[in-house]
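Only one structure is covered here, and it is reproduced in the block below.
The values are calculated or read from the model by the stated rules, or taken from the named source; none is laboratory data. Nothing here was measured: the structure is a model prediction, and the numbers come from that model. Note: ideal-geometry Cβ built from the backbone for every residue, glycine included; neighbour counts use all protein chains shown. The protein model used for the area step is the full one, side chains on, heavy atoms only, and it has no ligands, DNA or RNA in it. Shrake-Rupley method; radii C 1.70, N 1.55, O 1.52, S 1.80 Å.
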Amino acid sequence: MKPVRLPEIACPLPFAVYPDSPKFDAATAAWMIKWKLYSDDAHCERLTHTECGRLAALMYPAAKSDALLQVMADYTIWAFAFDDEYCDEGDMSRRPAESTLAMHRMQRAIECPEYTIDPHDNFALALRDLRQRMDALASPLHGARFVNVQRGYFFVEMNKLAHEAPREFNDCATLRLASGGGIVFPTLAHIASVNAIRQQDMESRRMMAMTEMAAMLIVWDSDIYSYGKELAREPDGRQHSLCAWIHHRRGLAQEDTVREAIALRNSVFSLYLRLREDMLSDAAPDVRDYIRGLDGYVRGGFHWIQNNDRYRFRNGVDGERAYEGGDLANALPPDDGTPIPVPALAWWWEHDPLRRGAGHRAHRLQETVPVGA
């Protein structure tokens, strides 16, 4: 199979990185080995090669301390290990009933971190360790916010275990928004910087739209850059990713699949930039810092996805290429503000500054693919 060809892709946000990331890579690998979050030596090597310390330094450049950046790096490798074992090709992914119960136990471990529930559940113990460190280094409120978004992560992964890849794109998009820690990772940005943003500001509709868009941009970018690898590993389309859905449900060729996926992603990115500019114009300091934390997450996450061997090579380490191209474009293409045809995400455009002053235009969104196609 030839590598998938990707065009240039834009990410017009300021680039920054937390200093001295190699030391976090070493410490994160040691933490992963301590909790034995790997299935065998090959899996351990692949996780170590992922450079989660570097990824955390890219996603959270405004982290308040080395200790907090280390927490973010450790959570990142936990999520990759969990995804490999419970959500992708790991042994637990083939045992949905046991996996669902295991996730329930992991969630309970961080809801009540004062007590060790199961001393033999390494994934739960490691996650509990992260919650305790967030409480100590940021605040219990920040730790509680982590618990809340982690619950959504588990909920979606349980759903994926129970169902095949969704037939309707609306369901596919909703699942992808929170799967793989989609909402957790942008939320961690304000924890890493110990931003004391008020709950009412964090949960305002415009800020929720910004957070969801930041999450979806990185989820979809990872889908685009991992498309070649997933095609080689699971050509039957079992994956719940954006490209897998377009390719198998729409029956499009690889080139057309990539083009359509990037068009959806660019529409969301354009809206993100418009709403970002509008909100920053009169934002309070905590709100401004929260938005800039989202910016760092999106820009850093994109840089890592674009340059990491996990997606570049079919085995995630070296050898046969999964894709070619995918270099950084100078700018996004023009966008007229038309919402993407996904009802579950269309509410983001209700807060588009382009609508201000022109009246609230009623619009109807329809699936581009008939139900059951």
- What residue, among those in region 229-257 that are in contact with a strand residue (DSSP E or B) (Cβ under 9 Å, 6 or more places away or on another chain) and of a type in the set (D, E, K, R), is modelled with the lowest pLDDT? 229
- Restricting attention to region 269-282, does a residue exist that is open to solvent by less than 40 Å² (accessible area, probe 1.4 Å), in contact with a Cys (Cβ under 9 Å, 6 or more places away or on another chain) and hydrophobic (A, V, I, L, M, F, W, C)? yes
- Among (1) open to solvent by 50 Å² or more (accessible area, probe 1.4 Å); (2) within 19 Å of residue 12 (Cβ to Cβ), which single condition is residue 300 missing? (1)
- Query: If you check every pair at least six apart or on different chains, which have Cβ atoms under 8 Å apart with a residue in region 218-233 that is part of a loop (DSSP other than H, G, I, E, B) first and a residue that is open to solvent by 10 Å² or more (accessible area, probe 1.4 Å) and polar (S, T, N, Q) second?
  - Reply: 226/241
- Criterion (surrounded by 14 or more Cβ atoms within 10 Å (Cβ to Cβ) and not in a helix (DSSP H, G or I)) met by exactly one of 63, 79, 29: 63
- Query: Do we have any residue at all in region 319-330 that's at pLDDT below 95, surrounded by 20 or more Cβ atoms within 10 Å (Cβ to Cβ), among the charged types (D, E, K, R) and in a loop (DSSP other than H, G, I, E, B)?
  - Reply: no
- Message: Quick check on my filter: what residues within region 283-313 are among the hydrophobic types (A, V, I, L, M, F, W, C) and either within 14 Å of the chain's Cα centre (by Cα) or part of a helix (DSSP H, G or I) (or both)?
- Response: 287, 291, 294, 298, 302, 304, 305
- Residue check: is residue 112 open to solvent by 10 Å² or more (accessible area, probe 1.4 Å) and within 21 Å of the chain's Cα centre (by Cα)? no
- residue 79 vs. criteria of a type in the set (Gly, Ala, Ser), closer than 21 Å to residue 143 by Cα and without any contact (Cβ under 8 Å) to a residue 60 or more places away in the chain: no
- Kindly indicate whether any position in region 183-192 is in a loop (DSSP other than H, G, I, E, B), within 12 Å of the chain's Cα centre (by Cα) and either without any contact (Cβ under 8 Å) to a residue 24 or more places away in the chain or surrounded by 16 or more Cβ atoms within 10 Å (Cβ to Cβ) (or both). yes
- Message: Here's a check for you: in region 152-166, which residue that is among the charged types (D, E, K, R) and open to solvent by 30 Å² or more (accessible area, probe 1.4 Å) is nearest to residue 99 (Cα to Cα)?
- Response: 160
- helices (runs of 4 or more DSSP H) wholly inside region 82-176 containing at least 3 residues that are in contact (Cβ under 8 Å) with a residue 24 or more places away in the chain and among the basic types (Lys, Arg): 140-162
- For residues that are charged (D, E, K, R) and without any contact (Cβ under 8 Å) to a residue 60 or more places away in the chain, scanning just region 3-26, find the one that is least open to solvent (accessible area, probe 1.4 Å). 25
- In this structure, is residue 308 of a type outside the set (Gly, Ala, Ser), at pLDDT below 95 and open to solvent by less than 30 Å² (accessible area, probe 1.4 Å)? yes
